[in-house]
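Taking it in order: structure first as structure tokens, then the write-up.
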Amino acid sequence: MSNGAETEPGGTRTGRPTLEEVAHLAGVSRATVSRVVNGSTRVRPDVVELVQRAVTQLNYVPNRAARSLAAQRTMSIALVVPEDAHRFFSDPYFADIVQGIDDRLETSEYVLTLLLAHPRSPSDKTRRYLLGGNVDGALVVSHHSGDHFLSELARSLPVVFGGRPMGPVARADDHYVDVDNHLGAVLATRHLLEAGGRNVATVAGPEDMPAALDREQGWRDTLREAGLASDRLIRGDFTEVSGVRAGLSLLDRWPDTDAVFVANDLMASGVMLAFAERGVAVPDDVALVGFDDSPYAVRGPLGLTTIDQRTREMGGIAADMLLRRLAGEPVEPTQVLAPRLVVRESSLPAPSRTGGAG
């Protein structure tokens with residue numbers, strides 16, 4: 001007969017409340033309690049509330065080791081980021097997407113393991129860890145077209161990508177969540193045209209990243225529709241330093257540029273620093289729009305007009321998709337979010353561009 005105490009592997013009595021006691025107090029089945037504590041979405045909200053109230057009242061804490069053994073699961077999810085540590089910790093994009101992931105995992109029993117990997121050749125240790133049964137699934141963000149290992153990973157365990165896979169990574173049955181990067185670039189470029197821009201340049205991202213290519217194409221398509229040239233392109237790597245270099249190169253090659261769409265806020269911050277060094281005023285001389293709506297857009301005296309790509313929301317959706325897959329629930333394989341234009345001072349129309357009086 002049970003006395004209300006759980007037994008650890010090895011036979012040690014813990015004296016802590018059991019799943020059965022939570023079920024009895026909540027007036028539901030043991031299976032229902034199990035689904036709730038594992039983050040399943042297939043339980044009615046009122047029942048979830050009853051179970052959570054019982055969990056709180058009894059101070060129930062699931063025995064992770066016992067549950068993992070019984071379910072043959074690790075209750076661990078890998079967050080795989082094919083970037084170096086400096087890029088990961090300096091770009092606020094990653095902070096936002098991890099926050100969204102953590103928000104969703106907080107209501108489940110899964111823990112998150114961060115793995116930074118070289119974009120094209122992850123270490124043997126990383127490969128062994130991911131393919132050796134140490135995690136139940138993986139979330140992959142900031143992937144590159146040369147990430148051959150990720151194709152192997154997606155064949156071996158459930159994976160959800162943050163962003164549309166491309167190249168050898170892409171598979172017909174991929175699961176991913178993304179923002180419509182092409183539409184975001186269209187919104188940004190149209191806004192620059194409406195602000196009076198006619199010599200519109202772009203600072204694009206790396207050629208091996210789907211988001212960068214989609215944003216570049218949106219810029220090109222919008223200029224083509226307006227009957228304008230799309231030859232003013234400088235490429236960066238999504239870092240602030242590359243934005244500084246790109247801004248200086250842009251002014252050297254096309255000094256009459258009057259508007260710039262930059263593929264992320266970090267590079268846009270670098271472009272603004274370069275323009276300030278050359279005495280080019282934003283927005284009076286050049287209108288500027290970034291992409292991300294990150295803290296970099298509002299950190300200085302001049303607010304940056306930018307595209308909100310809903311990064312935190314993307315992280316939450318990606319985590320939810322993976323949790324549903326791990327629970328055996330039906331999941332739509334792709335979700336693409338609509339971006340939003342956030343207008344600030346950096347793109348305000350200037351009389352010199354619109355023909356108005358000074």
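With respect to the conditions (1) surrounded by fewer than 24 Cβ atoms within 10 Å (Cβ to Cβ); (2) under 24 Å from the mean Cα position of the chain (by Cα); (3) at pLDDT 95 or above, D265 lacks only one, and its number is (1). One residue stands out in the range 188-238 among those that are under 26 Å from the mean Cα position of the chain (by Cα) and either of a type in the set (K, R) or on the phi > 0 side of the Ramachandran plot (or both): the one that is modelled with the lowest pLDDT, namely F238. Do you know which of the residues in the range 268-303 that are more than 23 Å from the chain's Cα centre (by Cα) and of a type in the set (V, I, T) is nearest to F89 (Cα to Cα)? Looking at the filtered set, the residue picked out is V271. Between L273, L266, L233, L223, which is touching a residue at least 40 places away in the same chain (Cβ under 8 Å) and outside the structural domain of S90 (by TED's automatic domain parsing)? Going through L273, L266, L233, L223 in turn, just one is touching a residue at least 40 places away in the same chain (Cβ under 8 Å) and outside the structural domain of S90 (by TED's automatic domain parsing): L266. The range 254-358 holds helices (runs of 4 or more DSSP H) entirely within its bounds, and those carrying 2 or more residues that are of a type in the set (D, E, K, R) map to 265-278, 311-326.
Of everything listed in (1) in a helix (DSSP H, G or I); (2) in contact with a strand residue (DSSP E or B) (Cβ under 8 Å, 6 or more places away or on another chain), the single unmet condition for L228 is (1). Report yes if some residue within the range 82-95 is in a helix (DSSP H, G or I), over 23 Å from V160 (Cβ atoms) and either of a type in the set (K, R) or modelled with pLDDT under 85 (or both); otherwise report no. There is no residue in the range 82-95 that is in a helix (DSSP H, G or I), over 23 Å from V160 (Cβ atoms) and either of a type in the set (K, R) or modelled with pLDDT under 85 (or both). Among residues of the range 152-164 that are on the phi > 0 side of the Ramachandran plot, those with a Cβ under 7 angstrom from a residue that is part of a helix (DSSP H, G or I) and not small (G, A, S), sequence gap 6+ or separate chain, pair up as G163/P210.
Filter the range 133-157 down to residues that are over 18 Å from the mean Cα position of the chain (by Cα) and modelled with pLDDT of 85 or more and give me whichever is farthest from V98 (Cα to Cα). Only one residue tops the list, namely G133.
The values are calculated or read from the model by the stated rules, or taken from the named source; none is laboratory data. Computed from a predicted model, the values in this text were never measured in an experiment. Cβ sites come from the backbone with ideal geometry, for glycine too, and all protein chains shown count toward neighbours.
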